[in-house]
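Novice: Would you mind keeping the following structure in view while I ask a few things?
What follows draws every value from the coordinates through simple rules; no lab data is involved. Everything numeric in this text was worked out from a predicted model, so none of it was measured. Glycine gets a Cβ as well: all are built from the backbone with ideal geometry, and neighbour counts include every protein chain shown.
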Amino acid sequence: MAGMKELAANTKKTWVNKIKWNILREIPCVSFFFIVFSERGIITMIFHKFQKYRKGFFLTALFCLLCFSINLLFDSIPDEIYVVKGEEESVHFSVPVTVEKEEVSVPVLKSLASKAQVWNSEAQSDNYRLSCKFLNLIPVKEVNVHVIDKTYVMPSGMPVGIYTKTKGVLIIGTGKVASADGLNYEPADQIVKGGDYITSVNGMQISLKEELISCVNNSGGKPLILGILRDEKQIEVKVEPVKLSDGTYKLGIWVRDDMAGVGTLTYIKDNLEYGALGHPVSDADTGCMIRLEKGNVYQTNIVGIVKGKDGAPGELTGVINYKKENCLGTIAQNTKTGIYGTLDAVPEEMEDAVVEAGLKQDIRRGEAYILSSLDGVLRQFRIEIEDVDFHSKEENKGILFHVTDELLLSETGGIVQGMSGSPILQDGKIIGAVTHVFISDATKGYGVFIEKMLEH
């Protein structure tokens, strides 16, 4: 019997030693502590500590999990939704929430992650809010609901030439000027910066480069007071022109007062108002959204396609004819979700192409189509919607998709510059417009919800 007990004790000791040395081998940084303390003492201390604080560990882990879950719920629920007056609406949230109409606190709909949420907007004639609660207890988010009439538009997909004039003279950057004395000066350095707009010189309003050049040359080298619009704030700065060897003067400022490019018309309303691009017209050098004074859209002919590839997005190359007879209409607004204005007439090929505008809660993952023209012929190209982001921080990146159409992939490699504004169609409705292409993968892109564009 004694031999059996001794054998059991030796076996236990051997097992403990194996555990100890395995721990020491895998975690060298704790070896010192195992050497200093007895093998039984340190292990006992760890278990005692765990027993003492296990309730705290559990509550901490539970709190972190709860915070993560609430954050996930918040991002999965839109800030606002549109509903069509008089129609039963179905919203597919991917999270379990209970929703109550705020005014009367009566349950309007409930959701179990996989089930649709349904209510009728017949009685609603104005905007209202819904309160979303997790487990019917924890407030997660308030959703603004806009009751609207059903909207129909003509989807386009036509390429257009875009010409804009800036409101003020846009500063691109500063540079050095070779003075008449043979030295180089940079008179505007640290005074103005790229993205600033020059709106006046010595109190006189200007909007053209030529007006700025005239004021500088007529200064006689005396300091000029420039009225600058910076981040929507008006300021004044003083810059002293530098005299060149030919007798002219310069400020050492690179400027621009207009911009041209090719984009795609998204839709036309029955009153000839249109939306295009899905993103703003921005300056290529500063990345700033153009402050628009006026602009026009023109007929354009696509003459070439630069195929996109990983790391280098492609582009549509077009020729814009600025003759008056080729002008299609005016540009009234340049916004984060596109450009907006009025056409002079509806293009013949679009007269009968009227579709319903889909709401973002109706968008589903799966097959959809892009309407675009690469060679003068409008075609539908197949895409796959991967994700719908109700809470995107960028207004024009709510739809994530990738191109699956073999013809489009062979012609362009995917999405290319110039296709911005191409309508996205699903289930016979226009649901959005193409806005961005992934630089690392030309087959993937983003789109803006059509309801965001129709707000303008």
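Novice: Of the trypsin sites (Lys or Arg not before Pro) in segment 350-413, which ones lie in a loop per DSSP and count no more than 15 other C-beta atoms within 10 Å? Spell out each step's value before the answer.
Specialist: Working: sites: Lys360, Arg364, Arg365, Arg379, Arg382, Lys393, Lys397; in loops: Arg364, Arg365, Lys393, Lys397.
Answer in residue order: Arg364, Arg365, Lys393.
Novice: Sticking with this structure for a sec: Past the 25 Å Cα-Cα mark, which pairs from Lys360/Lys393; Lys294/Lys360; Lys393/Lys452; Lys150/Lys324?
Specialist: Details: Lys360/Lys393 16 Å; Lys294/Lys360 31 Å; Lys393/Lys452 13 Å; Lys150/Lys324 36 Å.
Beyond 25 Å: Lys294/Lys360; Lys150/Lys324.
Novice: Take the Cα atoms of segment 298-440, build their convex hull, and give its volume per residue in Å³.
Specialist: Working: hull volume 18.4 nm³, N = 143.
With only Cα atoms used, segment 298-440 gives 129 Å³ per residue.
Novice: Mind sorting Ser282, Ser207, Ser422 by how few other Cβ atoms lie within 10 Å of their own Cβ, fewest first? If you can, show how the numbers build up before the last one.
Specialist: Details: Ser282 15, Ser207 18, Ser422 32.
Sorted ascending by nearby Cβ count, the order is Ser282, Ser207, Ser422.
Novice: Going by how many other Cβ atoms sit within 10 Å of their own, how do Ser179, Ser440 line up, fewest first?
Specialist: On the way: Ser179 15, Ser440 9.
Least crowded to most crowded, the residues run Ser440, Ser179.
Novice: Let me ask something else about it. Once the cut-off is 18 Å, how many percent of the Cα-Cα pairs in segment 291-350 end up in the long-distance tail?
Specialist: Looking at segment 291-350, the distances longer than 18 Å represent 54 percent of pairs.
Novice: What list do you get for Thr98, Thr60 if you sort them by fewest beta carbons within 10 Å? Before the final figure, lay out each step's value.
Specialist: On the way: Thr98 19, Thr60 11.
Ranking Thr98, Thr60 by Cβ neighbours within 10 Å, fewest first, gives Thr60, Thr98.
Novice: Another one. Treating each Cα of segment 176-251 as an identical point scatterer and ignoring solvent, apply the Debye formula and state log10 I(q)/I(0) at q = 0.21 Å⁻¹.
Specialist: Reported log10 I(q)/I(0), two decimals: -0.94.
Novice: So, one more: Going by amide H atoms built from the backbone, whose H comes under 5 Å of the H on Asp310, apart from near neighbours?
Specialist: Under 5 Å from the amide H of Asp310 lie the amide H atoms of Ala442, each far enough along the sequence or on another chain.
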